[in-house]
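The values are calculated or read from the model by the stated rules, or taken from the named source; none is laboratory data. Computed from a predicted model, the values in this text were never measured in an experiment. We place every Cβ from the backbone using ideal geometry, glycine too, and count neighbours over all the protein chains shown. With ligands, DNA and RNA removed, areas are computed over all heavy atoms of the protein, side chains included. Shrake-Rupley method; radii C 1.70, N 1.55, O 1.52, S 1.80 Å.
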Amino acid sequence: MKTVYLDNNATTQVAPEVLDAMLPYFHDLYGNPSSMHSFGGQIAQKLRDAREQASALIGATPDEIIFTSCGTESDNAAIRSALAIHPERRHIVTSRVEHPAVKVLCAHLAGQGYRVTELPVDKNGLLDMEQMAASLTPDTAVVSLMWANNETGVVFPVEKAAELAHERGIPFHTDAIQSTGKIPIDMKKNTIDMLSISGHKLHAPKGIGILYVRKGTKFSPFLIGGHQEKGRRGGTENTPSIIGLGKACELAARHMGTENTEVKRLRDKLETELLKRIPQSRVNGDLHERLPNTTNISFEFVEGEGILLLMNEYGICASSGSACTSGSLQPSHVLRAMGVPFTMAHGSIRFSLSIYNTEEEIDFVIEKLPPIIERLRSMSPYWTSVAQACATV
Ligand code: PLP
């Protein structure tokens, strides 16, 4: 059975060019870039190339790129650095819809005595910037807001938010893990201090990330050890993955146009056709301020898990907006923050596309999903009573 992979916000396939670029560095060219001999030294040059490729994607300079082990490490390193630089400040501003890499860290820090303001979002998943500005105090050590949401694809105006934070002398971090490679990012055109990237969301392998730190931003390392990354992140470099991520960044820059034309067209086709063919369905998240590859659709009166299981029988991969926690299905914190009604939140599915998806795959999902929803609804007591009520009107 062919796999139709529409779960690219969870992880992406490693691009063939990325794999090819990486392979020699596992076996033939396994030297340590810190070694004095040229067998290792030649790898140091490859890391410099990767740093150039990564910085070019986001309009940064190579010195502003720190390679990390993943997006979660980048988020942790950024927020902890800001707190370490301003130990007298005890307040953090973030949002209610952050990824656990930020949200759970902030909850942990709250347990250590920090005051955390989680900004609310409206029904479309958007932030109120006046409320954001009003939340800042002389005690605020850092503002951390995601560039794009992993569940809905909703894009926050982080460049504006960074300016508001700077007016009050507060450093600004953004988790750009979902936006990098999907929408243009140019660090020359904004004032964001720190920005997180994860390799496996842009066709590089898992277990490699980047923390961008703007030149001149005070930084306190998270991992302390060797001199690697100019002393900003100790640990022998993951050379094959860094080289792979460099290549992935080069490809992402090349494919940015495709993301915003062809990928968006396929996403829009999928969304429009599903909404047309399936009654009581709706999109979660702002339709305009949104990544080109993501749609989060609620199908009322069915469980997301049920939809995923039946789609799985056709090889279709997506994600649901609820997580099975201690036996009860909890709608995601993102949909709850947006006030998505219970019966809608439970039946929400996130489809996230990539440049590797085809028209045939989208047509296949458009054909297979409506009967799946119909079948699940025929088993749902809620749906049966709604259908009966509609029939008697
Ligand atoms: N932040 C966001 C918005 C994400 O989507 C993810 C991964 O799903 C992460 C952080 C964590 O990245 P990583 O898996 O590289 O630790």
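Descriptive notes on the structure:
- Count of segment 272-294 residues which are in a loop (DSSP other than H, G, I, E, B) and under 26 Å from the mean Cα position of the chain (by Cα): 9
- Residue in segment 314-336 that is modelled with pLDDT of 95 or more, more than 21 Å from Val121 (Cα to Cα) and open to solvent by 40 Å² or more (accessible area, probe 1.4 Å) present: yes
- Residue in segment 233-252 that is open to solvent by 20 Å² or more (accessible area, probe 1.4 Å) and aliphatic (A, V, I, L, M) present: no
- In the condition set (1) open to solvent by 50 Å² or more (accessible area, probe 1.4 Å); (2) more than 13 Å from the ligand (Cβ to nearest atom); (3) among the aliphatic types (A, V, I, L, M); (4) within 19 Å of the chain's Cα centre (by Cα), Ala107 is compliant with all but (4).
- Residues being more than 16 Å from Gln228 (Cβ to Cβ) and either free of Cβ contacts under 8 Å to residues at least 12 places away in the same chain or surrounded by 17 or more Cβ atoms within 10 Å (Cβ to Cβ) (or both) - total across segment 31-48: 3
- Members of segment 18-30 found to be outside any loop (DSSP other than H, G, I, E, B) and surrounded by 15 or more Cβ atoms within 10 Å (Cβ to Cβ), listed by number: Val18, Leu19, Ala21, Met22, Tyr25
- When Leu136 is tested against the conditions (1) away from the ligand (no atom under 16 Å from the Cβ); (2) in contact with a strand residue (DSSP E or B) (Cβ under 6 Å, 6 or more places away or on another chain); (3) more than 28 Å from Ala204 (Cα to Cα), the lone failure is (2).
- The single condition among (1) part of a strand (DSSP E or B); (2) without any contact (Cβ under 8 Å) to a residue 40 or more places away in the chain that Leu195 does not meet is (2).
- The combined condition, being more than 15 Å from the ligand (Cβ to nearest atom) and either in contact with an Asp or Glu (Cβ under 7 Å, 6 or more places away or on another chain) or at pLDDT 95 or above (or both), is fulfilled by Arg90.
- Where Ile355 falls short, out of the listed (1) open to solvent by less than 30 Å² (accessible area, probe 1.4 Å); (2) β-branched (Val, Ile, Thr); (3) out of contact with any strand residue (DSSP E or B) (no Cβ under 6 Å at 6 or more places or on another chain): (1)
So that you can scan it fast, the table gives a plain yes or no per residue for (1) outside any helix (DSSP H, G or I); (2) within 14 Å of the ligand (Cβ to nearest atom); (3) not assigned by TED's automatic domain parsing to the domain that holds Val334:
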residue: Ala141; (1), (2), (3): yes, no, yes
residue: Met146; (1), (2), (3): yes, yes, yes
residue: Asn150; (1), (2), (3): yes, yes, yes
residue: Lys160; (1), (2), (3): no, no, yes
residue: Ala165; (1), (2), (3): no, no, yes
residue: Lys188; (1), (2), (3): no, no, yes
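- Restricting segment 190-224 to residues that are of a type in the set (Gly, Ala, Ser) and more than 13 Å from the ligand (Cβ to nearest atom), the residue that is surrounded by the most Cβ atoms within 10 Å (Cβ to Cβ) is Ser220.
- Applying a threshold of 6 Å to beta carbon distances and a minimum spacing of six or more residues, or different chains, the list of pairs starting in segment 79-105 at a residue that is farther than 16 Å from Arg168 by Cβ and ending at one that is within 14 Å of the ligand (Cβ to nearest atom) and among the acidic types (Asp, Glu) reads Ala101/Asp75; Val102/Asp75; Val102/Asp175.
- Residue selected from segment 138-161 under the condition surrounded by fewer than 24 Cβ atoms within 10 Å (Cβ to Cβ) and more than 19 Å from the chain's Cα centre (by Cα), by the criterion farthest from Ala110 (Cα to Cα): Lys160
- Selection count, segment 56-87, where residues are surrounded by 19 or more Cβ atoms within 10 Å (Cβ to Cβ), of a type in the set (S, T, N, Q) and away from the ligand (no atom under 16 Å from the Cβ): 1
- Here the condition is being part of a loop (DSSP other than H, G, I, E, B), of a type in the set (Val, Ile, Thr) and at pLDDT 95 or above; of Ile355, Ile349, Ile307, it holds for Ile355 alone.
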